[in-house]
Amino acid sequence: MAEPAIIARGVCKSYGKGPAAVPVLRGVEFEVASGEFVAILGPSGSGKSTLLNLLGLMDRPDEGDLLVRGRRAADLDEHERARVRCAHVGFVFQFDSLLPEFTILENVLMPARLAAAHGLSAEPAASVTARATALLSALGIGALAARFPSQTSGGERQRAAIARALINKPSVILADEPTGNLDRANGDKVFADFRRVAREQGAAVVLVTHDEPAAAAADRVLRMADGRLT
Ligand SMILES: Nc1ncnc2c1ncn2[C@@H]1O[C@H](COP(=O)(O)OP(=O)(O)O)[C@@H](O)[C@H]1O
Ligand SMILES: [Mg+2]
């Protein structure tokens, strides 16, 4: 059997130092296979974003072992983490994360330009642009490609952020409450999209949410409680 795309063993993370340290993750254990869509449920403040930031190699665990696509997070320096992120990880941030001075299309293209700059992709620009346009259409915002983020709604920006996370065909997709700004129908559509991408692209998808009914669309639902996943 292939190695899981994500492996977490005894992952601990606190904020602050010494006696003032506040433990957030207290021994997270889980694995996500390629092609699997896992939803993580938990109340606000339970550590969902903290965990996702670790999985996205944007922060390091204090203790425990974390492997993303076979790479041990603790062994990677800043530069290597950036490369792994760029090559393998698509991230949908919890809050508005589009760059305001670029159009929706340019925002979606940004990770592809980074990948090219890192020497990770030789795909011609026209082909990338065509894929970006198709992604925007598939997400129902094809007509907004030339607009700036300030000229779109919160839900439209959220969908653009999803297109941006998918542009490099990542094998690990991490989404932090991606449906927070969407109504039920669009939220369900986004869950269905993630499920499809997991299947078609063989991507490992980890989506955190506090939307219980929507999470039921995932292959597996885990709960964050007391700094652990159950
Ligand atoms: N950078 C940080 N510095 C200090 N405390 C933080 C930081 N980020 C998050 N926290 C705290 O850690 C806890 C978990 O936060 P978070 O992971 O954002 O939870 P969730 O995403 O589930 O709402 C909260 O109590 C939050 O205040
Ligand atoms: Mg959060």
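The values are calculated or read from the model by the stated rules, or taken from the named source; none is laboratory data. Worth saying up front: this structure is predicted, and the values here are computed from it rather than measured. Cβ placement follows ideal geometry from the backbone for every residue including glycine, while neighbour counts extend to all protein chains displayed.
Annotations for the structure displayed:
- Once the range 60-81 is narrowed to residues that are touching a Cys at 6+ places or on another chain (Cβ under 7 Å) and outside any loop (DSSP other than H, G, I, E, B), the residue that is surrounded by the most Cβ atoms within 10 Å (Cβ to Cβ) is G64.
- Restricting V84, V22, V92 to those that are more than 16 Å from ligand 2 (Cβ to nearest atom) and either at pLDDT below 95 or within 18 Å of E177 (Cα to Cα) (or both) reduces the list to V84.
- All positions within the range 82-97 that are assigned to a strand (DSSP E or B) and either farther than 14 Å from I173 by Cβ or small (G, A, S) (or both): G90
- A Cβ distance below 6 Å, combined with a sequence gap of six or more or placement on separate chains, defines the contacts here; from the range 37-55, residues that are more than 20 Å from V197 (Cβ to Cβ) and in a strand (DSSP E or B) reach no residue that is among the polar types (S, T, N, Q) and more than 9 Å from ligand 2 (Cβ to nearest atom).
- Cβ-Cβ distances below 6 Å connect the following pairs, each with a first residue in the range 1-20 that is within 10 Å of P61 (Cβ to Cβ), a second residue that is assigned to a helix (DSSP H, G or I) and of a type in the set (S, T, N, Q), and a separation of six or more residues or different chains: K13/T50.
- Any hit, the range 171-192, residues being within 16 Å of Q94 (Cα to Cα), out of contact with any strand residue (DSSP E or B) (no Cβ under 7 Å at 6 or more places or on another chain) and within 13 Å of ligand 2 (Cβ to nearest atom): yes
- Boolean, A192 is among the small types (G, A, S) and either in contact (Cβ under 8 Å) with a residue 40 or more places away in the chain or in contact with a Ser or Thr (Cβ under 7 Å, 6 or more places away or on another chain) (or both): no
- Residues in the range 14-36 that are near ligand 1 (Cβ under 8 Å from one of its atoms) and not in a loop (DSSP other than H, G, I, E, B): Y15, V22, V24.
- Helices (runs of 4 or more DSSP H) fully within the range 122-201 that include at least 2 residues being touching a Phe, Trp or Tyr at 6+ places or on another chain (Cβ under 8 Å) and either within 16 Å of ligand 1 (Cβ to nearest atom) or closer than 25 Å to R85 by Cα (or both): 154-166, 184-201.
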